[in-house]
Structures are given as structure tokens and as C-alpha cells.
Amino acid sequence: MFDPLEGRSTLRPADILVFGWVGGKHACVDLTGVAPLVGLGSSAFTVGQAALKADSGKVIKHEKACLDNQHVFIPFAFDTFGFLAPEAVDLLNRVQRVMRSNVMTPRSMDVVFKRLSFAIQKGVAAQLVARLPSISM
């Protein structure tokens with residue numbers, strides 16, 4: 001999709017693209033990891049609040065573009081304390097059911113979970129790097 005006001009495409013690659021997810025449509029999975037204590041300020045801490053906020057923000061930002069391109073958008077939000085947003089839990093449950101119902105070798109299961117694990121680790125690493133202080137040489 002091309003946005004004439006911005007002069008560039010508004011699409012970006014999905015963190016994970018799942019082919020034929022539902023009704024023949026592919027699913028764009030967007031992995032988002034958040035640090036739950038960042039920006040907490042004086043408000044009370046609520047378990048999962050940061051991940052749920054990130055989840056809804058991703059839906060607002062990316063769902064329409066995916067739907068316009070005949071894809072399904074699935075946000076996969078988690079926090080560094082281990083909380084998973086409901087859509088992330090649903091995705092993992094479905095992956096588990098599909099893997100159980102198909103003849104899966106230990107190697108193929110390993111590939112699926114390594115791919116998810118790598119994408120999550122990449123998100124956490126990006127968060128850490130973004131928070132590093134700048135160093136002048």
C-alpha cells in the first residue's frame with residue numbers, strides 16, 4: 001500500500017507470516033515485547049497492563065493494512081515479566097493443536113518453536129539496545 005502523503009509504503013514485513021491461517025488467508029503476526037515498569041510513573045502497577053496497551057496499539061496501527069491486503073492480523077504482545085496478551089495465548093494454543101493433529105517430528109516442532117523464540121529474542125534485544133546510553137568517542 002502506498003501513502004501519497006508520506007510518499008512511501010505503509011506496509012512492513014510481518015515478524016512471522018503464517019500461510020493459510022484462516023479461510024485461506026495468511027496471518028501477519030506482529031511480536032511486541034514491552035518492559036512493564038517503563039513509564040509507570042506514579043500510577044499503580046497492574047499485571048499485563050503494558051502488554052495489553054501495546055497489543056491494542058498494534059491492532060490500531062496495522063490491522064487495517066493487513067485486512068486491505070487479504071491477510072489476518074495477529075498481535076503477539078508480551079512483557080518481560082512473562083505476561084502474554086490473550087491473542088498470543090490463542091496463537092500458541094492453535095499452533096499446539098495443529099502440531100498435535102499432524103504428524104510432527106521432533107525436528108519440525110523444534111523448528112517452529114525456534115522461529116518463535118528467535119523473533120521474541122530479537123524484540124527483547126531491540127528494546128535493550130534502544131535503552132542504551134549514547135557513548136561519545
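The values are calculated or read from the model by the stated rules, or taken from the named source; none is laboratory data. Only a predicted model underlies this, so the values are computations on that prediction, with no experimental measurement involved. All Cβ positions, even for glycine, are placed from backbone atoms using ideal geometry, and neighbour counts span all protein chains on display. Side chains are part of the model used for accessible areas, which takes the heavy atoms of the whole protein and leaves out ligands, DNA and RNA. Shrake-Rupley method; radii C 1.70, N 1.55, O 1.52, S 1.80 Å.
Tabulated data for the structure shown
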quantity	calculated
Filtered residue count, the stretch 89-104, keeping only those that are open to solvent by 70 Å² or more (accessible area, probe 1.4 Å) and modelled with pLDDT under 75	1
Some residue of the stretch 115-123 being aromatic (Phe, Trp, Tyr) and touching a residue at least 40 places away in the same chain (Cβ under 8 Å)	no
Qualifying positions in the stretch 109-125 - more than 13 Å from the chain's Cα centre (by Cα) and open to solvent by less than 100 Å² (accessible area, probe 1.4 Å)	109, 110, 111, 112, 113, 125
Complete set of residues in the stretch 78-88 that are over 21 Å from residue 22 (Cβ atoms) and buried (at least 20 other Cβ atoms within 10 Å of the Cβ)	78, 79
Sole exception among (1) modelled with pLDDT of 80 or more; (2) open to solvent by 60 Å² or more (accessible area, probe 1.4 Å) for residue 75, by number	(2)
Enumeration of residues in the stretch 1-27 that are over 16 Å from the mean Cα position of the chain (by Cα) and modelled with pLDDT under 85	1, 2, 3, 4, 5, 6, 7, 8, 9, 10
Residue ID - farthest from the chain's Cα centre (by Cα), chosen from residues in the stretch 55-64 that are open to solvent by 20 Å² or more (accessible area, probe 1.4 Å) and in contact (Cβ under 8 Å) with a residue 24 or more places away in the chain	62
Considering residues of the stretch 28-53 that are assigned to a helix (DSSP H, G or I), hydrophobic (A, V, I, L, M, F, W, C) and open to solvent by 20 Å² or more (accessible area, probe 1.4 Å) only, the residue modelled with the lowest pLDDT	50
